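The values are calculated or read from the model by the stated rules, or taken from the named source; none is laboratory data. As the structure is a prediction and not an experimental result, all values here were calculated from the model. Cβ placement follows ideal geometry from the backbone for every residue including glycine, while neighbour counts extend to all protein chains displayed. What goes into the accessible areas is simple: the full protein's heavy atoms, side chains included, and nothing from ligands, DNA or RNA. Shrake-Rupley method; radii C 1.70, N 1.55, O 1.52, S 1.80 Å.
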Amino acid sequence: MTTSQPLPFRIGLGYDSHRLGEGGPLRVGGVDIPGEFHAIGHSDADVLLHAVTDALMGAIAGPDIGRLFPDDAEVNRDRDSRDFVVEALRRVQEAGYEINNLDAVILAQKPKMASHIDAMREVVAEMLQTDVGQIGLKAKTGEGVDAVGRSEAIAARVVVMLTRR
């Protein structure tokens, strides 16, 4: 079923997770976090930016990050995840929408994210060409439960609301 008129707003949900390995830094939200961990992935494995990309693409019913930037393509090896967000935003704008707001949560036992949240919000806001006040971001630990709680993995969940331009 197609709509004859564009919807005034759209909502997208994104999720990503990566295993953690020894040796840093860990890149989250475009910010390098020094420490003992790094995320394992084909690109730079930025869990937050991957979830942002999927939320944006989901909001416009577009392909997910794996179809846009396959992990078996050599061109995507060690690629900066900012590229993914930039392309997703281009598609959002091409569809006639803009960011209303984005809310995200990072799930990580270690390293602690609190001191990096403001920098991440600024990076994400700049990439999305929006005000930092439209970007919500928080971090939670796994409280010792599951792979996140055992510091074996990091995850992110993102929801975005787009409005018609």
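Tabulated results
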{"read-out": "Positions within the stretch 18-33 being of a type outside the set (Val, Ile, Thr) and out of contact with any strand residue (DSSP E or B) (no Cβ under 8 Å at 6 or more places or on another chain), in sequence order", "value": "30"}
{"read-out": "Odd one out for residue 151, checked against (1) of a type in the set (S, T, N, Q); (2) part of a strand (DSSP E or B); (3) modelled with pLDDT under 95", "value": "(2)"}
{"read-out": "Set 52, 105: member being within 22 Å of residue 138 (Cα to Cα), β-branched (Val, Ile, Thr) and open to solvent by 20 Å² or more (accessible area, probe 1.4 Å)", "value": "105"}
{"read-out": "Options 139, 88: the member that is under 15 Å from the mean Cα position of the chain (by Cα) and not in a helix (DSSP H, G or I)", "value": "139"}
{"read-out": "Enumeration of residues in the stretch 93-117 that are of a type in the set (D, E, K, R) and in a loop (DSSP other than H, G, I, E, B)", "value": "110, 112"}
{"read-out": "Pairs, first among the polar types (S, T, N, Q) in the stretch 76-100, second part of a loop (DSSP other than H, G, I, E, B) and open to solvent by 10 Å² or more (accessible area, probe 1.4 Å), C-beta under 7 Å, six or more apart", "value": "76/42; 76/43; 76/69; 76/70; 81/43; 81/44"}
{"read-out": "Criterion (open to solvent by 10 Å² or more (accessible area, probe 1.4 Å) and within 17 Å of the chain's Cα centre (by Cα)) met by exactly one of 58, 35, 12", "value": "58"}
{"read-out": "Condition met for residue 123 (open to solvent by less than 40 Å² (accessible area, probe 1.4 Å), assigned to a helix (DSSP H, G or I) and either at pLDDT below 95 or in contact with a strand residue (DSSP E or B) (Cβ under 9 Å, 6 or more places away or on another chain) (or both))", "value": "yes"}
{"read-out": "Residues that are under 12 Å from the mean Cα position of the chain (by Cα) and open to solvent by less than 40 Å² (accessible area, probe 1.4 Å), drawn from the stretch 19-30", "value": "28, 29, 30"}
{"read-out": "Which numbered condition residue 130 fails, given (1) in contact (Cβ under 8 Å) with a residue 12 or more places away in the chain; (2) surrounded by fewer than 17 Cβ atoms within 10 Å (Cβ to Cβ); (3) within 20 Å of residue 8 (Cα to Cα)", "value": "(2)"}
